[in-house]
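Peer 1: I'd like to ask some things about the structure below.
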Amino acid sequence: MGGSSRGRLGIALGAALAIEAVGLAVGFGLSEPTSLRPDYSDPLLGLDVLLPAECVAIVAIVIALARRKPGAAWWAAASATAILAVSVQLLEAGAGGWSTWCAIALLASFAGIVLSLLRTGRPVPEGGNDRGAAPGRLTGKAATALAVVALVASMSMGEGMEDVDYSGTWTAGRDDLTLTLTGGQDGGQYTLRWGTCTEQSDWTLDYPQMTTSVQVWLIRETGATSTCLPGTKNIMLRVSGGTSAAPTLALPGPDGKTWTLTRE
């Protein structure tokens, strides 16, 4: 009976490991860590769930160690590490279909904790060897290794807004409007053309630079030759989306209109 129970446990933990591997692989494969988002609302909603789950995983590590369940401790470590990886990726890529796969992977890792903790049999004696715990230890170590790989990947895949180069010529579709930014990544000169009107002056980035709140300012108070758009104040262009290689800018226009600018 004991061998049959350990066999079923091994199969169940193997299935949990396979689900975790597939969930993390597909989830990270579908995510877009170079995407640029206008705000943090979606990631914050996800973090509201992930942060409590991280606390549960840490408590599970303590319980598993106290009960001398090494398999459960490894699975809890896998869950804690995987949650960190998904949290980092969530901040880089935002919420989306990819996060559903990662949620499945995290549920599988928590199932591994429960299965290992509920395993029948005596705890491992201090300094002793419990062969019955082998399935939990082996799969738990493998699950932790997968989670570490995911964490390293999440920390190396993303590119922040500070890496974006805004120089070049931007257009607004068929609205006969172009914006040319010259200079370095932090600012320079701009030329705005709308129909037959041309406006020239300086541009700069808003500070401090945060991943989703970077704004490009057209400075009109330093001697612009003319103003093609209504008003005399500086113009704020928000980063409205795209990727770090191909961002899009939102330029406010007259009568509440907003142009979406893409770089040629």
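The values are calculated or read from the model by the stated rules, or taken from the named source; none is laboratory data. All figures in this text were calculated on a predicted structure; none of them were measured in a lab. In this analysis, Cβ positions are derived from the backbone assuming ideal geometry, glycine residues included, and neighbour counts consider all displayed protein chains.
Peer 1: I'd like to check something: does segment 13-30 contain any residue that is farther than 20 Å from residue 141 by Cα, surrounded by 19 or more Cβ atoms within 10 Å (Cβ to Cβ) and either modelled with pLDDT under 90 or not β-branched (Val, Ile, Thr) (or both)? Even if it seems obvious, please write down each step before you answer.
Peer 2: Filtering segment 13-30 down to residues farther than 20 Å from residue 141 by Cα leaves 26-30.
Imposing the further condition that a residue be surrounded by 19 or more Cβ atoms within 10 Å (Cβ to Cβ) reduces the set to 27-28.
Those left that are additionally either modelled with pLDDT under 90 or not β-branched (Val, Ile, Thr) (or both): 27-28.
Yes, the conditions are met somewhere in segment 13-30.
Peer 1: Suppose we filter segment 77-93 for residues that are surrounded by fewer than 23 Cβ atoms within 10 Å (Cβ to Cβ) and under 8 Å from the mean Cα position of the chain (by Cα); how many remain?
Peer 2: Total satisfying the criteria: 4.
Peer 1: Right, next: Restricting to segment 64-76, name every residue that is assigned to a helix (DSSP H, G or I) and exposed (fewer than 15 other Cβ atoms within 10 Å of the Cβ). Show your work before the answer.
Peer 2: Step one: of segment 64-76, the residues assigned to a helix (DSSP H, G or I) are 64-66, 70-76.
Correct list: 65, 66.
Peer 1: Could I ask something else about it? Residues being within 19 Å of residue 260 (Cα to Cα) and not in a strand (DSSP E or B): count how many of those fall in segment 171-205.
Peer 2: 6
Peer 1: Test residue 116 against the criterion of being in a helix (DSSP H, G or I), within 17 Å of residue 63 (Cβ to Cβ) and at pLDDT 85 or above, and give yes or no. Quick ask: steps written out before the conclusion?
Peer 2: Numbers: in a helix (DSSP H, G or I): yes; within 17 Å of residue 63 (Cβ to Cβ): yes; at pLDDT 85 or above: yes.
It is true that residue 116 is in a helix (DSSP H, G or I), within 17 Å of residue 63 (Cβ to Cβ) and at pLDDT 85 or above.
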